[in-house]
Amino acid sequence: MLSISQLIPPTFAFGFSRMDSAASNKAVPYMGDCRWFRDHPKRKAYLRIEYINEFDYGIAAEHRRDLPKLHVLVVQLAPGMHLLFPPFRTSDPFWCEPKSDHDVAVIMAEMGKRGGFDYDEMQRFASVHCSDYPQPTQGKQAIQ
């Protein structure tokens, strides 16, 4: 018998990704993405920083200030229909502005290799802002 914990939930199930279209969304992020694709008609994908409360819902300003930025992959599946997926978190990107969809793919592959976030940045943030972050014990870091 399987355990439900063995099953990976679809990214839509927990809001880890979403579809935007004219029928479902007229908010600032959608309008900005439409403008970007209109200005770059040969492109199908780009990376941008999350708009406030777009994926990180309800994060207080005092925490958001120090929180490493969430980067969002926006893929235009058809004109005006965008798949959004937040693959990486860092305030100091390792990449330059991608000039092509191929560049986006190469960056995405590297994001996957790095596990989705800058480990040191997230550790610094969590040690200050997360109540469930293991604190150092006897001069040693609890998590190595």
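The values are calculated or read from the model by the stated rules, or taken from the named source; none is laboratory data. Just so you know, these numbers come straight off a predicted model, no measurement behind them. Using ideal geometry, Cβ is built from the backbone for each residue, glycine included, and neighbour counts are taken over all protein chains shown.
So here's what we get for this one:
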quantity	calculated
Options 92, 103, 33; residue that is surrounded by 15 or more Cβ atoms within 10 Å (Cβ to Cβ), more than 19 Å from residue 14 (Cβ to Cβ), acidic (Asp, Glu) and within 16 Å of the chain's Cα centre (by Cα)	33
Among residues of segment 54-76, those that are basic (Lys, Arg) and over 21 Å from residue 33 (Cβ atoms), counted	2
Those residues of segment 65-78 which are at pLDDT 95 or above and over 15 Å from the mean Cα position of the chain (by Cα), in sequence order	76, 77, 78
Options 125, 85; residue that is of a type in the set (A, V, I, L, M, F, W, C), over 25 Å from residue 18 (Cα atoms), surrounded by 11 or more Cβ atoms within 10 Å (Cβ to Cβ) and touching a residue at least 40 places away in the same chain (Cβ under 8 Å)	125
Condition check for residue 43: of a type in the set (D, E, K, R), surrounded by 15 or more Cβ atoms within 10 Å (Cβ to Cβ) and either in a helix (DSSP H, G or I) or at pLDDT 95 or above (or both)	yes
Residue 61 surrounded by fewer than 15 Cβ atoms within 10 Å (Cβ to Cβ) and either out of contact with any Ser or Thr (no Cβ under 8 Å at 6 or more places or on another chain) or farther than 27 Å from residue 130 by Cα (or both)	yes
In segment 46-64, residue modelled with the lowest pLDDT [restricted to those that are in a loop (DSSP other than H, G, I, E, B) and more than 24 Å from residue 111 (Cα to Cα)]	58
Test: residue in segment 96-105 that is in contact (Cβ under 8 Å) with a residue 40 or more places away in the chain and touching an Asp or Glu at 6+ places or on another chain (Cβ under 6 Å)	no
Candidates 67, 84, 2 - the one that is in a loop (DSSP other than H, G, I, E, B) and either within 24 Å of residue 123 (Cβ to Cβ) or in contact with a Lys or Arg (Cβ under 7 Å, 6 or more places away or on another chain) (or both)	67
